[in-house]
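The values are calculated or read from the model by the stated rules, or taken from the named source; none is laboratory data. None of these values were measured; they are calculated from a predicted model. Glycine gets a Cβ as well: all are built from the backbone with ideal geometry, and neighbour counts include every protein chain shown.
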Amino acid sequence: MYYFLILIITGFSSHLASAFTTTYSKRFGGKTGTLISFLFRNVLGIPVWAFGYYLSVKSSDVFLYNSSLLSQIFGWLIITLGGIIIIAALISIQTKSAVATEHDSLVHSGIYAIVRHPIYCGTFLEFIGVLVFYPSYTVGLAFLTGSAWILIQARFEETDLIKRIPGYKDYMSKVPRFFPILSQHF
């Protein structure tokens with residue numbers, strides 16, 4: 001019944017490989033290290049955890065509350081907002097999101113001037129939206145697992161980014177990790 005958690009945890013664990021780009025590159029060479037990160041994250045990690053998340057929705061059992069038209073609209077709005085944030089981030093960093101290398105440069109413009117990890121922010125919002133739309137116990141477990149993964153992934157990734165990207169540590173002190181401090185921008 002909870003086999004979806006195995007897929008989610010396996011996918012997230014594989015996705016975590018992108019936080020070790022520097023380690024892989026030093027051990028196996030730049031191109032091979034980048035390839036390892038790419039394969040574990042993009043070919044294995046993302047599709048596996050996304051499929052696990054999908055299965056959590058399909059195996060919905062006990063609902064936390066009765067869904068209504070209003071909650072479904074609100075859920076879709078949150079999912080859409082998360083998607084817009086992710087698209088804005090991908091436009092800002094272009095291919096760097098798919099293929100991390102030892103020679104990446106700091107992106108601190110666009111949405112990255114407001115938040116350090118907009119892709120994780122958008123993903124978190126999408127996780128919330130799915131939970132609002134499908135308020136089941138299984139989706140709740142997927143949400144908790146996904147939220148924990150975001151926190152762990154970002155921490156490991158930042159350790160790697162400090163090693164790979166000059167100026168990243170200073171950038172960390174100026175820009176919030178996941179959610180913007182609105183008073184700074186208005």
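At-a-glance table
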| quantity | calculated |
| --- | --- |
| Tally, over segment 137-150, of residues that are touching a helix residue (DSSP H, G or I) at 6+ places or on another chain (Cβ under 8 Å) and either surrounded by fewer than 20 Cβ atoms within 10 Å (Cβ to Cβ) or not small (Gly, Ala, Ser) (or both) | 9 |
| Hits in segment 27-40 (condition: of a type outside the set (A, V, I, L, M), more than 18 Å from ILE119 (Cβ to Cβ) and free of Cβ contacts under 8 Å to residues at least 60 places away in the same chain) | ARG27, PHE28, GLY29, LYS31, THR32 |
| Among the candidates VAL62, VAL43, residue that is of a type in the set (Val, Ile, Thr), farther than 21 Å from VAL107 by Cβ, free of Cβ contacts under 8 Å to residues at least 12 places away in the same chain and surrounded by fewer than 15 Cβ atoms within 10 Å (Cβ to Cβ) | VAL43 |
| Pairs with Cβ under 9 Å, 6+ apart, first in segment 1-25 and at pLDDT 90 or above, second not in a helix (DSSP H, G or I) | PHE4/SER59 |
| Selection from segment 106-130 of residues that are outside any helix (DSSP H, G or I) and either of a type in the set (D, E, K, R) or touching a helix residue (DSSP H, G or I) at 6+ places or on another chain (Cβ under 8 Å) (or both) | LEU106, VAL107, HIS108, SER109, VAL115, ARG116, HIS117 |
| When residues of segment 116-139 are limited to those that are of a type in the set (A, V, I, L, M, F, W, C) and in contact with a Leu (Cβ under 7 Å, 6 or more places away or on another chain), the one farthest from TYR53 (Cα to Cα) | LEU125 |
| Every pair of residues 6+ apart whose Cβ atoms lie under 6 Å, when the first sits in segment 120-134 and is within 20 Å of SER68 (Cβ to Cβ) and touching a residue at least 24 places away in the same chain (Cβ under 8 Å) while the second is surrounded by fewer than 21 Cβ atoms within 10 Å (Cβ to Cβ) and among the polar types (S, T, N, Q) | VAL132/SER71; PHE133/GLN72; TYR134/SER60 |
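Let's see how each residue does on (1) crowded, with 20+ Cβ neighbours inside 10 Å; (2) within 23 Å of PHE179 (Cα to Cα); (3) in contact with a His (Cβ under 8 Å, 6 or more places away or on another chain); (4) among the basic types (Lys, Arg):
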site	(1), (2), (3), (4)
LYS26	no, no, no, yes
THR32	no, no, no, no
LEU39	no, no, no, no
GLY52	yes, no, no, no
LEU55	no, no, no, no
